[in-house]
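Chemist: Supplied in structure tokens, the structure appears directly below.
The values are calculated or read from the model by the stated rules, or taken from the named source; none is laboratory data. Remember, it's a predicted structure, so these values are computed and weren't measured experimentally. In this analysis, Cβ positions are derived from the backbone assuming ideal geometry, glycine residues included, and neighbour counts consider all displayed protein chains.
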Amino acid sequence: MLRRIDHTTITVRDLSHSVEFYTRLLGFAVDHEMWIPESNLRIVFLRLGDTMIELFGVPRTTGAAMSDVNEVVGYKHICLLAESVDDEYRRLSQAGVSFRIPPTTVQDVRIAFCKDPDGMDIELIQYLHEEVIHEEKRND
């Protein structure tokens, strides 16, 4: 029986720069690292709560496989749950992070899309119905 997604892997152009971005700006912590000499591959596992991403660092990258177009098959983005998308948008924008989609409300969620150092999309999401639930509990 499958239990959950354990991690997602991203090959990055500059491992040190990407680790700094994900840890300093997005709040991930380095969980552990691996070195695979026969592949000349350095791996850094980053944890945020019960979420793990794996960054692959190689000496030389040869291309990129990403698209902002929904009709292109492939992985699209990672999504990080935020307490406040607007607060994170202001904080990350002030730190120089580029946003493809500024905060916007879509049905019962508030979302925004920023770029990591390699141009990969990162979605920030805030479930608006949770605010209503929390507010109702406070009023009880």
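Chemist: State whether the residues of the range 56-66 include one that is modelled with pLDDT of 90 or more, farther than 17 Å from residue 13 by Cα, surrounded by 13 or more Cβ atoms within 10 Å (Cβ to Cβ) and within 16 Å of the chain's Cα centre (by Cα).
Modeler: Taking every residue of the range 56-66 in turn, none turns out to be modelled with pLDDT of 90 or more, farther than 17 Å from residue 13 by Cα, surrounded by 13 or more Cβ atoms within 10 Å (Cβ to Cβ) and within 16 Å of the chain's Cα centre (by Cα).
Chemist: Determine which member of the set 45, 28 is surrounded by 12 or more Cβ atoms within 10 Å (Cβ to Cβ), without any contact (Cβ under 8 Å) to a residue 40 or more places away in the chain, in contact with a helix residue (DSSP H, G or I) (Cβ under 7 Å, 6 or more places away or on another chain) and not acidic (Asp, Glu).
Modeler: None of the other options fit; the residue is 28.
Chemist: State the number of residues belonging to the range 51-109 that are hydrophobic (A, V, I, L, M, F, W, C) and part of a strand (DSSP E or B).
Modeler: Here the count works out to 12.
Chemist: List the number of the failed condition for residue 17; all other conditions in (1) modelled with pLDDT of 90 or more; (2) farther than 24 Å from residue 126 by Cα; (3) touching a Phe, Trp or Tyr at 6+ places or on another chain (Cβ under 9 Å) hold.
Modeler: It is condition (3) that residue 17 fails.
Chemist: Same structure again: Scan the range 86-105 and give yes if some residue there is over 24 Å from residue 17 (Cα atoms), out of contact with any Leu (no Cβ under 8 Å at 6 or more places or on another chain), surrounded by 13 or more Cβ atoms within 10 Å (Cβ to Cβ) and in contact (Cβ under 8 Å) with a residue 24 or more places away in the chain, otherwise no.
Modeler: Yes, the range 86-105 has at least one match.
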